[in-house]
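None of the figures in this text is laboratory data; all of them are computed from the coordinates on show. None of these values were measured; they are calculated from a predicted model. Note that each Cβ is placed from the backbone with ideal geometry, even for glycine, and that neighbours are counted across all protein chains shown.
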Amino acid sequence: MEKMPYRAELDAPVFTTPPAEVISSDWRQTLPVLNGDRVALRELRASDAPSLFALLTTEEVSRFISPPPTSVEGFERFIAWTLRQRHAGSYACFAVTLKGFDTAIGIFQVRSLEAGFDAAEWGFAIGSAFWGTGVFQEGAELVLRFTFETLGVHRLEARAAVKNGRGNGALLKMGAVQECVMRKSLERNGTYLDQVLYSILDEDWRASTDVRWPDVTLRVH
Ligand SMILES: CC(C)(COP(=O)(O)OP(=O)(O)OC[C@H]1O[C@@H](n2cnc3c(N)ncnc32)[C@H](O)[C@@H]1OP(=O)(O)O)[C@@H](O)C(=O)NCCC(=O)NCCS
């Protein structure tokens, strides 16, 4: 996630998260809960703002991504924006939680690059206390399945700053293919950084799913 596509200037009045009891199979109405063995991904809620602010605004998490909101209130506006974009059918943002704990410890985002989600871009950020624990990989597998099976994406792009060792390593181990370097394409703290453009195609992902999905269920709430 080199682009967290929230912009304060796009703010509109906050609307509240749909109640959890709402039953819908349409992700535009409410995102499904994606259950892995140790990780559950769910819709963001306004109440996630304090934990996301605490975990995603540290220097080590944010140094290679577009600047996150700078306050709890900013995260509340970001969360409200994610819900509006999801409702409009152009974007989905999942909170990362550990099974049995409701606290949001990170996010996965998928945004449409063109009408109808044929091509999309994904991004992610997880609190550094959870790096190297398998949380990313399990969450990423769930998001990829949602992206290719539910959204029907054909081509999924990602960008990672060349200097972002963990970001590049994370994408590579999910099967993303390096396509090119986008020179000086991310401004961070007054410096322009080169980014690697990655892609995963639906056919690549489908070819790898037989071994990847034996135990994971995709549950719609
Ligand atoms: C990106 C992120 C979600 C990945 O989660 P994570 O738990 O760190 O990822 P993992 O540990 O599962 O995978 C990272 C891989 O990169 C490897 N890696 C770590 N440092 C590396 C480096 N300097 N160079 C190359 N690879 C590196 C790790 O060894 C690991 O591979 P392995 O599991 O095969 O050993 C997390 O690091 C994060 O939130 N970073 C800050 C936000 C960010 O940069 N997001 C944008 C990513 S494009």
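Couple of notes before you dig in:
- Sites D102 and D37 - FRET efficiency at Förster radius 22 Å, r taken between beta-carbons, to 0.05: 0.80
- Extension gain (nm, one decimal) between S185 and R28, 0.36 nm per residue minus Cα-Cα: 53.4 nm
- Between L201 and L172, full extension at 0.36 nm per residue minus the direct alpha carbon distance yields a gain of 9.1 nm.
- Length available on full extension from S128 to A54: 0.36 nm per residue minus the Cα-Cα distance, which gives 25.6 nm.
- Spacing of the modelled spin labels on E114 and S208, each 7 Å from Cα toward Cβ, amounts to 2.4 nm.
- Treating each Cα of region 47-97 as an identical point scatterer and summing with the Debye formula, the log10 of I(q)/I(0) at q = 0.13, 0.15 Å⁻¹ comes to -0.32, -0.42.
- Rounded to the nearest 20, the size of the Cβ-charge dipole of region 22-123 about its Cα centre is 160 debye, with Lys and Arg at +1 and Asp and Glu at -1.
- Region 69-221 - charge dipole about Cα centre, Lys and Arg +1 at Cβ, Asp and Glu -1, debye rounded to 20: 380
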